[in-house]
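Reading through the structure tokens given below for one structure.
Where a number appears in this text, it was derived from the coordinates with a stated rule and is not lab data. No experiment lies behind these values; they were computed from the predicted model shown. When we count neighbours, we look across all protein chains shown, and the Cβ atoms used for this are built from the backbone with ideal geometry, even at glycine.
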Amino acid sequence: MRIVSLLPSATEIVYALGLGDDLVGVTFECDEPPSARTEKTIVVGGRDTRDLTPGEIDGYVKAQLAAGADLYTLHAGALAGLAPDLILTQDLCRVCALPSDQVSDALDHLGCRADVLTLDPYTLAEVLDTARAVGAAAGVPDRAAALVTALRDRLDRIAAAVAGRPRPRVAVVEWVDPPFTAGHWVPDLVEAAGGTAVAARPGARSVETSWAELTGAAPDVVLVTPCGFHLDGAAEQAARIAPRFPGAAVWAIDGDGLIVRPGPRLVDGVAAIAAILHPDAVPAAPPGAVARVA
């Protein structure tokens, strides 16, 4: 089985299933494990936005979409040279990864007969189901079942640790300029960690909102988890918006590592949020996971 992953979360699932040696192609954003980006062929490229502010990134994305331009580039020649058997892609978010229709068009053009598995989870339960789907497609359903069982066991232990405790009101800011509220599986993470998600869209797409809506939700805790940023970037942005929430504890979280990528590490995200909300009930988050800024 020769596997190509066109999104970082799928790459993480492949490795969690013990299929790293079968993975032959990844995207330029696949950084977990770090060896994925250095040892595998890059088949999807895109603009490096590390030097842009959140507002500049938002402006670039909106301009590209308005012009009908692509945010990602599929290196079709590299893909064809890999002769993949299985390609993992998505239609969940055109901003986050290459959509599956572009992949299908490229395969038709190349005459490639690879199976294409589209992963589009909207809830935490559906994220766990994607691991089963990848395992089945890759011929290792038993490994997938064991992985999901282990992840569910961790979630059950966290739930038991926080059961019966007061549930803080939690607002998650997925982007700061302009503000976006929490959507998809992110509210599920808050609930699983012993909080109550406010100003959120569980199981639905994250959308642009207003600071008035977020502050009006009267959160006890604000979590800043910007897509595309790890802890340092999240902390910088959290510090800038903290004055908007004078009555709340404001925390930054490694968004890319723990919150926004729908893969196995979402359970680490639940544990990290639980450590913020109930520090006397669960172990502290590991270094590099979270930071309080206000």
query: Rounded, prolate or oblate: which fits the range 167-292 when a ≥ b ≥ c are the square roots of the eigenvalues of the alpha-carbon gyration tensor, with rounded for a/c under 1.5 and prolate only if a/b beats b/c?
result: rounded
query: Per-residue ellipticity at 222 nm for the chain, helices alone: DSSP H runs ≥ 4 residues times -39500 (n - 2.57), over residue total, nearest 500 deg cm²/dmol?
result: -12000 deg cm²/dmol
- prompt: When the Karplus curve 6.51 cos²θ - 1.76 cosθ + 1.60 is applied with θ = phi - 60°, which whole-Hz ³J(HN,Hα) does each residue of the range 279-285 get, with x for Gly and Pro?
  reply: x, 8, 10, 10, x, 5, 5
statement: Site residue 160, offset 7 angstrom along Cα→Cβ, radius 12 Å on amide nitrogen, limited to the range 259-281, gives none
query: What spacing in nm lies between the two simple spin-label points modelled at residue 41 and residue 152, each 7 Å away from Cα in the Cβ direction?
result: 3.8 nm
query: Hey, what D do you get for the range 1-63 in µm²/s if you plug the Kirkwood alpha-carbon radius into Stokes-Einstein at 4 °C and 1.567 mPa s?
result: 103 µm²/s
- request: Find which of 253, 25, 214 sits farthest along the positive direction of the dipole of the chain, computed with +1 on the beta-carbon of Lys and Arg, -1 on that of Asp and Glu, about the Cα centre.
  value: 214
D_trans [Stokes-Einstein, Kirkwood Rh over alpha-carbon pairs] for the range 157-212, 37 °C, 0.692 mPa s, µm² s⁻¹: 280 µm²/s
statement: Note, the range 72-77: 3J(HN,Hα) by Karplus (6.51, -1.76, 1.60, θ = phi - 60°), whole Hz, Gly/Pro = x, goes 10, 10, 8, 7, 4, x
field: Karplus 3J(HN,Hα) series, Hz, for the range 207-220 with 6.51 cos²θ - 1.76 cosθ + 1.60 (x for Gly, Pro)
entry: 10, 5, 9, 10, 5, 4, 5, 5, 5, x, 6, 6, x, 7
- prompt: With Rg and the Kirkwood Rh both taken from Cα atoms, where does Rg over Rh land for the range 119-192?
  reply: 1.08
- line: Computed over the chain, the Cα gyration tensor eigenvalues, each multiplied by 5 and square-rooted, give semi-axes in Å (largest first) of 32, 23, 15
field: Nonlocal amide H pairs with residue 23, under 5 Å, H built at 1.01 Å
entry: 3
message: Under 5 Å between amide hydrogens, which residues at least 5 positions from residue 172 or on another chain qualify, with H placed 1.01 Å from N in the peptide plane?
response: 182, 198, 223
query: Angle between the Cα long axis of helix 141-162 and the longest principal axis of the chain, 0 to 90 degrees, nearest 10?
result: 0 degrees
field: Spherically averaged projected area of the range 19-96 from its Cα convex hull (nm²)
entry: 6.2 nm²
